[in-house]
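Novice: Okay, here's the structure, questions in a sec.
The values are calculated or read from the model by the stated rules, or taken from the named source; none is laboratory data. This structure is a prediction, so every number in the text was calculated from the model and none was measured. As a convention, Cβ positions derive from the backbone with ideal geometry for all residues, glycine included, and neighbour counts pool all protein chains shown. To get the accessible areas, we keep the full protein, side chains included, count just its heavy atoms, and leave off ligands, DNA and RNA. Shrake-Rupley method; radii C 1.70, N 1.55, O 1.52, S 1.80 Å.
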Amino acid sequence: MNAHTPVFCTIVPPHVLDKLASAEDPALSDIARRTLIADSAQRTARRLTTVLGAPAVAPPAEAVEGQPHRTIHDCRHGTALPGRKVRGEGDKPVKDATVNRAYAGLGATFELYLKAYGRNSIDGSGMPLDASVHFDADYNNAFWNGEQMVFGDGDGRIFLDFTIPVDVIGHELTHGVTQHTANLTYYGQPGALNESMSDVFGSLIKQYTLDQDAHQADWLIGQGLLAPEVTGTALRSMKAPGTAYDDDVLGKDPQPATMDHYITTGRDNGGVHLNSGIPNHAFYLLAEALGGKAWERAGQIWYDVLTGGELGKQALFADFARLTVAAAHTRFGDGEEHQAVLKAWSQVGVQSG
Ligand SMILES: [Zn+2]
């Protein structure tokens, strides 16, 4: 395993697809099963790439410092990646709104990292941003495969087009940032921290795009992704983990908000999409306590820890919490930020001292 082992990460966790696969309606269960099979094929492809070494990516000819270098491809409902190139950097919008949303979402992600944190793309060195849309047919997921973003169209019954929520795009690309920095192991607590980083920065990208204060933000992940007949608002809620949906077919959002309800499981890589609710909620509590733009102080503290070199690959919640307390002190001194970080972790039951 090298220092930058890519994580294959899907936005819709396996517990949701498992639930759908057991739906009574065969149309729903067939689609869910096909998505699970396609996900597993992609996982295998990732492992092969990891073992064999990723194909060399040619540096972009027209790369400009401080500018994104985006390329959007169309899979035309096939599964071969990346598919046909349909929009490159600086090209005019095309007729396909999905292509344009993916292009805009990659740009929004690039911009937050550059403007707020001085980071030049995912790897910090101007890495080109590639995405493929219309992956497979009725594909109920989106993922980062270590090299690029891939979006399904959704089946239209449970999930809509996965390019709709900009925080989903930000979530997936942040897996790339984590891969190139702390490289948190995708299992158990470090895996839940990895997931939480993606939710935190995914939400911040949405807030930055909408120029929202912490109080104005919805703190939802995937708002607009659930089809109208689903009873729910999003995939996850950072403000109130466990309340994003409660639906006949999808079941109830299982995320805990505090350590009292920590879930021990072998499924979902040891509950990475479940227990991420705890650090997610700590971040929300901090941002809400500080007020203002959440990417400025709360986000800066989290970013400092993610990229600072002290966060180990196997970090537990308490390790991460302790580092955020130290980072708040280093950057902002003995003021309200430091106190607010301590309080946020104590409210979710994580030891930070
Ligand atoms: Zn993820």
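Novice: What's the carbon and sulfur percent of the range 86-158's accessible surface, probe 1.4 angstrom, rounded to a whole number?
Specialist: So the carbon and sulfur contribution to the accessible surface is 49 percent.
Novice: In what sequence, highest mean first, do 107-115, 333-341 appear when ranked by Cβ atoms within 10 angstrom?
Specialist: With the highest mean Cβ count within 10 Å placed first, the list reads 107-115, 333-341.
Novice: Okay, next question. Normalised by the number of residues in the range 79-169, what is the relative contact order in percent for Cα pairs under 8 Å and 6+ residues apart?
Specialist: Answer for the range 79-169 is 23 percent.
Novice: So, one more: If you build the convex hull over the alpha carbons only and average its shadow over all orientations, what do you get for the range 199-338? Give it in nm² to one decimal.
Specialist: 9.2 nm²
Novice: Then there is this: Once you keep just the Cα pairs under 8 angstrom separated by 6 or more residues, what percentage relative contact order results for the chain?
Specialist: Relative contact order of the chain: 15 percent.
Novice: So, counting K/R as plus one and D/E as minus one, what does the shell of residues with Cβ under 12 Å around residue 332 add up to?
Specialist: Counting the neighbours of residue 332, the net charge comes to -3.
Novice: While we're on this one: Cβ neighbours within 10 Å, averaged per peptide: list 158-164, 224-230, 192-198 in order, most packed at the top.
Specialist: 192-198, 158-164, 224-230
Novice: So, one more: What is the sum of charges around residue 224, taking Lys and Arg as +1, Asp and Glu as -1, for the other residues whose C-beta is under 15 Å from the C-beta of residue 224?
Specialist: In short, -2.
Novice: With an 8 Å cut-off on Cα pairs and a minimum separation of 6 or more residues, tell me the relative contact order of the range 93-143 in percent.
Specialist: For the range 93-143, the relative contact order is 26 percent.
Novice: What's the extension gain from residue 240 to residue 41 if we count 0.36 nm per residue and subtract their Cα-Cα distance?
Specialist: Here the answer is 68.3 nm.
Novice: Quote the charge dipole size of the chain about the Cα centre in Debye, to the nearest 20; the model charges only the Cβ of Lys and Arg (+1) and of Asp and Glu (-1).
Specialist: My answer is approximately 620 debye.
Novice: Let me ask another. With 28 Å as the limit, write out which pairs from 206/343; 85/239; 252/293; 85/206; 19/343; 85/252 have Cα-Cα distances beyond it, or answer none.
Specialist: Pairs exceeding the cut-off: 85/239; 252/293; 19/343; 85/252.
Novice: Would you please put 144-150, 173-179 in order of how densely packed they are, using the mean number of other Cβ atoms within 10 angstrom per residue and starting with the highest?
Specialist: Highest-to-lowest ranking by the protection proxy: 173-179, 144-150.
Novice: Could you give the length gained on full extension between residue 318 and residue 111, defined as 0.36 nm per residue of separation minus the Cα-Cα distance, in nm?
Specialist: 71.4 nm
Novice: A further question on this structure: Run the helix sum for the chain: -39,500 (n - 2.57) per DSSP H stretch of 4+ residues, divided by residue count, reported at 222 nm to the nearest 500 deg cm²/dmol.
Specialist: About -14000 deg cm²/dmol.
Novice: Could I ask something else about it? What does the charge add up to near residue 170, with Lys and Arg as +1, Asp and Glu as -1, over the other residues with Cβ less than 11 Å from its Cβ?
Specialist: Around residue 170, the charge tally is -3.
Novice: Over all directions, average the projected area of the Cα convex hull of the chain and note it in nm².
Specialist: The directionally averaged projection comes out at 16.5 nm².
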